[in-house]
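What follows is a set of notes on a single structure, which appears directly below.
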There are 4 protein chains.
Amino acid sequence: MHGYGEDKAKVLTRLHRIEGQVRALAAMVEEDRYCIDVLTQISAADSALKSVALLLLDDHLHHCVRQAAEEGGPVADEKLTEASAAIARLVKS
Amino acid sequence: MHGYGEDKAKVLTRLHRIEGQVRALAAMVEEDRYCIDVLTQISAADSALKSVALLLLDDHLHHCVRQAAEEGGPVADEKLTEASAAIARLVKS
Amino acid sequence: MHGYGEDKAKVLTRLHRIEGQVRALAAMVEEDRYCIDVLTQISAADSALKSVALLLLDDHLHHCVRQAAEEGGPVADEKLTEASAAIARLVKS
Amino acid sequence: MHGYGEDKAKVLTRLHRIEGQVRALAAMVEEDRYCIDVLTQISAADSALKSVALLLLDDHLHHCVRQAAEEGGPVADEKLTEASAAIARLVKS
């Protein structure tokens, strides 16, 4: 049903770490920390989030998209169009 | 000391919301939700994070950088170089 | 051999337009035009370049990757890994 | 009038190189070269374009924005808001 089966633990670990990074960002702002230091940590959280997205996308291509392409027909088209739209959202986010 | 003084409450509200978005992402993965739906939410969190960064940067330019530039000298140079490096990190993240 | 067969004319038209945008950028700098106006045109050329990349990627998924997945085996794995790496480069560029 | 005075030659050299990269991209498509190879070159051109933007932005901050901030008043506000908007366009492009 989902392509990230094997990487589920890794994905969860990373997401929990990013959640901690964002909580730490709020604490920095709460303590009036210097803007540039906050910005540096935002860039780090942003990169970490993009890395998780790329891992999920890689799993999705290797499992869901691959299976759909093997089956062929309109389902394959649909999955490919859907993956393409997700990539576009990621590139533009 | 920090340029986001006036926007502090707004920045905190947004960061808390993003923390909630990332926690919801982990819950989605925990529940084996469909990859593409997870990716859509990652793109949303990513955009929200970039918006906070741009707000902080705007405040930083209008306060810290402006003050440093008014004072002039090596401090102004330093602040401008620092802001420029933060922008580069953000553009590349 | 390439997946953008049907969109070849469209891709070429867009690339020629982007080439013109970059040449116009050089002319703006040559004429000492205002930095912010140059930056606005760079952002426009950058967005146009990303749009062409997303179109090529979409064609690549629907043709090359789909065919490779139908054939299955190590070729399918290879094509999917290759596509994934190209997406990562694009997201990070 | 423009902040990239000292870097003008460097900016022009880079823009001419990017123009060549985009022309080479069109030639690759004309010759039906492999999608992934075209995408790799698009990512390279995109990174090069962003680097020029960051150089121009750095010069703009160190010259135009610094001068406006030194003068103060509404002109300073205007320049800072304008720079901030250009940064946002770049981050989102």
(message) Once you keep just the Cα pairs under 8 angstrom separated by 6 or more residues, what percentage relative contact order results for chain D?
(response) 35
(message) Buried accessible area between B and D (1.4 Å probe, both chains summed, ligands and nucleic acids excluded), in Å² to the nearest 100?
(response) 1900
(request) Starting from the Cα of A:Lys8, draw a straight line to each of the lysines and keep only those under 18 Å, dropping any in the same chain fewer than 8 residues away. (result) A:Lys50
(message) How shielded is B:5-18 by partner chains, expressed as the average number of their Cβ atoms within 10 Å of its Cβ atoms?
(response) 3
(request) Run the accessible area of the range B:5-92 with a 1.4 Å probe and give the carbon-and-sulfur part as a rounded percent. (result) 50
(message) Straight-line reach from A:Lys79: which lysines fall under 18 Å, measuring Cα to Cα and dropping same-chain residues less than 8 apart?
(response) C:Lys79
(message) Give me the 1.4 Å probe accessible area per residue for the protein assembly as shown, excluding ligands and nucleic acids, in Å².
(response) 41
(message) Please check the range D:32-57 for residues whose accessible area, probe 1.4 Å, is lower by 40 Å² or more when all protein chains are in place than in their chain alone.
(response) D:Asp32, D:Tyr34, D:Cys35, D:Ile36, D:Leu39, D:Ile42, D:Ser43, D:Asp46, D:Leu49, D:Lys50, D:Leu54, D:Leu56
(message) For B:Tyr34, place a label point 7 Å from Cα along the Cα-to-Cβ direction in every copy; what are the distances to the other copies, in nm, shortest first?
(response) 3.3, 4.8, 4.8
(request) Any chance you could give the angle, 0 to 90 degrees and rounded to 10, that helix A:8-30 forms with the longest Cα principal axis of chain A? (result) 30
(message) Checking the cross-link filter: which aspartates and glutamates have an alpha carbon closer than 20 Å to that of B:Lys10, excluding same-chain neighbours under 8 positions apart?
(response) A:Glu19, A:Glu30, A:Glu31, A:Asp32, A:Asp37, A:Asp46, B:Glu19, B:Asp46, B:Asp58, B:Asp59
(request) Compute the long axis of helix B:35-60 from its Cα atoms, compare it with the longest principal axis of the Cα atoms of chain B, and write down the angle in degrees, 0 to 90, nearest 10. (result) 20
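The values are calculated or read from the model by the stated rules, or taken from the named source; none is laboratory data. Predicted model only: the values in this text are computed from it and were never measured. All Cβ positions, glycine included, derive from the backbone under ideal geometry; neighbour counts span all protein chains shown. Calculation scope for accessible area: heavy atoms of the full protein, side chains included, ligands and nucleic acids excluded. Shrake-Rupley method; radii C 1.70, N 1.55, O 1.52, S 1.80 Å.
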